[in-house]
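J.: Shown below is the structure under consideration.
The values are calculated or read from the model by the stated rules, or taken from the named source; none is laboratory data. Note that this is a predicted model, so its numbers are computed, not measured. No Cβ is skipped: glycine too gets one built from the backbone with ideal geometry, and neighbour counts run over all protein chains shown. Areas reflect the complete protein model, heavy atoms only, side chains present, ligands, DNA and RNA absent. Shrake-Rupley method; radii C 1.70, N 1.55, O 1.52, S 1.80 Å.
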Amino acid sequence: MSTVLGESPRVVAWRRLKKNRGAVIGMVVLGLMIVMAICAPLITPFDPSTQILEYSVKPAMFRGSVLYKRNPADASRPSIIAVSSFEERGDSVTYLDPAGEPYTIAKTNLMSTDVAIYHDEPLFVLGTDRFGRDIFTRLIYGMRVSLSVGLISESIALAIGILLGALAGYFRGWVDDSIMWFVNVVWSFPTILLVVAFSVILGKGYWQTFVAIGISSWVDIARIVRGQFFSIREQEYVEATRALGFGHVRTIFRHMLPNAAGPIIVLSTAGFATAIIAEASLSFIGLGVQPPTPSWGQMIKDGYGYIALGTNWGMTLFPSIAMAIAVLVLNVFGDGLRDALDPKTSQR
Amino acid sequence: MATYLLRKLLYTVLVLLGVVAVTFFIRPPGDPARVLLGQRADEASVAAMREQLGLDRPLYEQMGIYVKNLLSGDLGTSIATQRSVSETIIERIPATALLALTSIAIATVLGILLGVIAAWRPNTWIDTLTMSTSLLGISLPAFVVGLLFVLIFGVALEWFPNSGYIDRGIEHLVLPMITLAIRPLSIIARVTRSSMLDVLGQDYVRTARAKGLSNVRVFLHHALRNALNPVITTVSAWFAGLLAGTYFIEFIFNWPGIGLAAFNAIEKLDYPMIQGTVLFTAVIFVVVNTLADLVYGFVDPKVRLS
């Protein structure tokens, strides 16, 4: 492969990334997941917290039968009645509930007098959980949580990591010594334990989870930025900024940081995946994002009780597969990025 | 060598001080006594709890007491069980150590083996298979692997029991051990492969081949030995991740180790117990890494002088 003179490194990296089949597949799947997470209400048949208790713990491909009842509190969200059969009788509808009890309801209390509107046979593609909530719907909404955790937590980690790493690598001396001491202290805790510890300190909840994961995962970034800055600092263009009288801030952020960007980008895709795992782990042990907000870790934990019974393994399996795909895709994409950005592999 | 040793130890003590400071602050937000007793508890019992936990004293005094107790090996008293945290941890060390050590042993042996096999014939089906399986192994968190193993080998195939300790038979060790080994195994296999490929491209390997040595001999004697350095670094670095992994594995397989104690403590916000287990894990990690550093310094003079 011949590199045309004058091409920017970004163009070269992009072309090499496109040649990597794994990275392209990863990118496409990742893009799809982001679109699905954003468009969740459009592609899911239910609201993630809609419960149909009569249809709890149903296997995949279960088809229910429901009547939509007018909801006086919220006209846009009808109440749902599970039925095993129903029959129109003039102005009212008689139905048997799944337990076989007969009931009668006036048509005016239903969503519409038209059977095509008040009755439906929804398909639960991946089955339902123990509250009769659609697993597919919750999976898609759970993706929102996972992807936003990856995005927000990783941004926090990047901000802390870049700042501390840059300061240590640029100023050296006692600044480096004290920052590295702090880095070593934090590094002494396995990341997931640190996340758990911060979650205990901050309390349970959506934002607390993001922050706990973010402030636990910056150490690798700080180390790599510091290392990069150590070598970049010796180069002539940095010396030139000093000769020109540029301030430290300008030199660090305008001139040095862009040249350390490659490894940082690679590391942050890996961090993105780690953040998703950390959130799921937290939810799995009951910290983290709290119900009814759907999260993959919670769904896995909900299904855990059924596994030992050997039934309804889908409740655990489907969110596990979703998470595996997300993390796998990020790892493959990260590997591709590393190869594309690393000049050492350019001959391949 | 003596100055290196001394410098290293002093620094370790400094890091441990920081670690203790961090663990001291692991407590529920706001007023821990109120969080533990719930919103409906009356003021008197909350005040009593606060006094029992020493929360009525100023923060610096609490910290002083915490450090003083630590130095005498006292990690506090569990709120949930009213037992000494250090005693609970000590009696659970064997279970966790057994799990962690057998796992890292299996992961190291199998990981190097798989990595060498993949590097033996790079870019063939066996290499692709090994590398994609290991990518999956890296992508799945330990608790998910554990649940899948319970489902496949415990419930569906009924090969191994999916819960309990070895006092009911050695077969209880199999599933938790393998589950815990999956992630380090995958990483070790990948590191071994890339390190082998690096080494195989170097001149002395070509020289060995040119001398007419057999492929197997070049591969195992000349290449593998030199390829192992990054692998050893990976193994020691992974030990901490492994210890954290035991928390989830012990919960899933009901393995009575330190992780299970920590897990139960987290559910009840029993923070002296959480502090104790987290501190224990961190201290083990610092000690293991310092030892690894010292060994490197001993073997390689370059490390010592930097």
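J.: Of A:Leu287, A:Leu328, A:Leu317, which residue is under 13 Å from the mean Cα position of the chain (by Cα), crowded, with 19+ Cβ neighbours inside 10 Å and within 11 Å of chain B (Cβ to nearest Cβ)?
T.: Unique residue meeting the criteria: A:Leu328.
Listed here are the residues, each with its yes/no results for (1) in a strand (DSSP E or B); (2) modelled with pLDDT of 80 or more; (3) in contact with a helix residue (DSSP H, G or I) (Cβ under 8 Å, 6 or more places away or on another chain); (4) hydrophobic (A, V, I, L, M, F, W, C).
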residue	(1), (2), (3), (4)
A:Trp14	no, yes, yes, yes
A:Gly22	no, yes, yes, no
A:Ala37	no, yes, yes, yes
A:Pro48	no, yes, yes, no
A:Ile81	yes, yes, no, yes
A:Glu88	yes, yes, yes, no
A:Tyr95	yes, yes, no, no
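J.: Take the residues of the range B:4-49 that are assigned to a loop (DSSP other than H, G, I, E, B) and under 24 Å from B:Leu70 (Cβ atoms): which is modelled with the lowest pLDDT? Show your work before the answer.
T.: Going through the range B:4-49, the residues assigned to a loop (DSSP other than H, G, I, E, B) turn out to be B:25-31, B:38-42.
Filter again for under 24 Å from B:Leu70 (Cβ atoms), leaving B:25-29, B:31.
Working: B:Phe25: 90, B:Ile26: 90, B:Arg27: 86, B:Pro28: 84, B:Pro29: 81, B:Asp31: 78.
Restricting to residues being assigned to a loop (DSSP other than H, G, I, E, B) and under 24 Å from B:Leu70 (Cβ atoms), the top hit is B:Asp31.
J.: Looking for something buried (at least 21 other Cβ atoms within 10 Å of the Cβ) and at pLDDT 90 or above - is there at least one such residue anywhere in the range B:143-163?
T.: So far as the range B:143-163 goes, no, none of its residues is buried (at least 21 other Cβ atoms within 10 Å of the Cβ) and at pLDDT 90 or above.
J.: Looking at this structure, is A:Val185 at negative phi, part of a helix (DSSP H, G or I) and modelled with pLDDT of 90 or more? Step through it out loud before you land on a result.
T.: Working: at negative phi: yes; part of a helix (DSSP H, G or I): yes; modelled with pLDDT of 90 or more: yes.
Against the criterion (at negative phi, part of a helix (DSSP H, G or I) and modelled with pLDDT of 90 or more), A:Val185 qualifies.
J.: Restricting to the range A:192-239, name every residue that is at positive phi and crowded, with 24+ Cβ neighbours inside 10 Å.
T.: Going through the range A:192-239, the residues at positive phi turn out to be A:203, A:205.
Hits for the range A:192-239: nothing passes.
J.: Return a yes/no flag: does the range A:3-14 have any residue that is open to solvent by 90 Å² or more (accessible area, probe 1.4 Å) and at positive phi.
T.: no
J.: Considering only residues that are more than 35 Å from the chain's Cα centre (by Cα) and not aromatic (Phe, Trp, Tyr), which ones fall in the range A:167-183?
T.: In the first step, residues of the range A:167-183 are kept if they are more than 35 Å from the chain's Cα centre (by Cα); the result is A:171-175, A:177.
Of everything in the range A:167-183, those that are more than 35 Å from the chain's Cα centre (by Cα) and not aromatic (Phe, Trp, Tyr) turn out to be A:Arg172, A:Gly173, A:Val175, A:Asp177.
J.: Grab the helices (runs of 4 or more DSSP H) fully contained in the range A:244-348, keeping just those with 1 or more residues being in contact with a Ser or Thr (Cβ under 7 Å, 6 or more places away or on another chain) and without any contact (Cβ under 8 Å) to a residue 12 or more places away in the chain.
T.: Values: elements: A:261-284, A:296-307, A:314-341.
By residue number, A:296-307, A:314-341.
J.: I need a count of the residues in the range A:188-232 that are in contact (Cβ under 8 Å) with a residue 12 or more places away in the chain, within 9 Å of another protein chain (Cβ to nearest Cβ) and of a type in the set (S, T, N, Q).
T.: 2
J.: Moving to a separate point now. Out of A:Glu121, A:Glu154, report the one residue that is surrounded by 20 or more Cβ atoms within 10 Å (Cβ to Cβ) and under 32 Å from the mean Cα position of the chain (by Cα). Give the steps one after another, and end with the answer.
T.: Working: A:Glu121 fails: surrounded by 20 or more Cβ atoms within 10 Å (Cβ to Cβ).
Testing whether each residue is surrounded by 20 or more Cβ atoms within 10 Å (Cβ to Cβ) and under 32 Å from the mean Cα position of the chain (by Cα) leaves just A:Glu154.
J.: Let me ask you something else. Go through (1) touching a residue at least 24 places away in the same chain (Cβ under 8 Å); (2) under 24 Å from the mean Cα position of the chain (by Cα) and name the single condition B:Val174 misses.
T.: (1)
J.: With respect to A:Ala280, determine if the residue is within 14 Å of chain B (Cβ to nearest Cβ), modelled with pLDDT of 90 or more and open to solvent by less than 50 Å² (accessible area, probe 1.4 Å). I'd like the intermediate steps shown before the answer.
T.: Working: within 14 Å of chain B (Cβ to nearest Cβ): yes; modelled with pLDDT of 90 or more: yes; open to solvent by less than 50 Å² (accessible area, probe 1.4 Å): yes.
So A:Ala280 fits the description; yes.
J.: Now for a different question. Take the residues in the range B:23-75 that are β-branched (Val, Ile, Thr) and free of Cβ contacts under 8 Å to residues at least 40 places away in the same chain, then tell me which one is nearest to the other protein chains (Cβ to nearest Cβ). Don't jump to the end; show me each part of the working.
T.: First, the residues of the range B:23-75 that are β-branched (Val, Ile, Thr): B:23, B:26, B:35, B:46, B:65, B:67.
With free of Cβ contacts under 8 Å to residues at least 40 places away in the same chain added as a condition, the list becomes B:46, B:65.
Working: B:Val46: 18, B:Ile65: 19 Å.
Among those residues, the one meeting the criterion is B:Val46.
J.: State whether the residues of the range A:101-116 include one that is modelled with pLDDT of 80 or more, under 30 Å from A:Gly303 (Cβ atoms), open to solvent by 50 Å² or more (accessible area, probe 1.4 Å) and charged (D, E, K, R).
T.: yes
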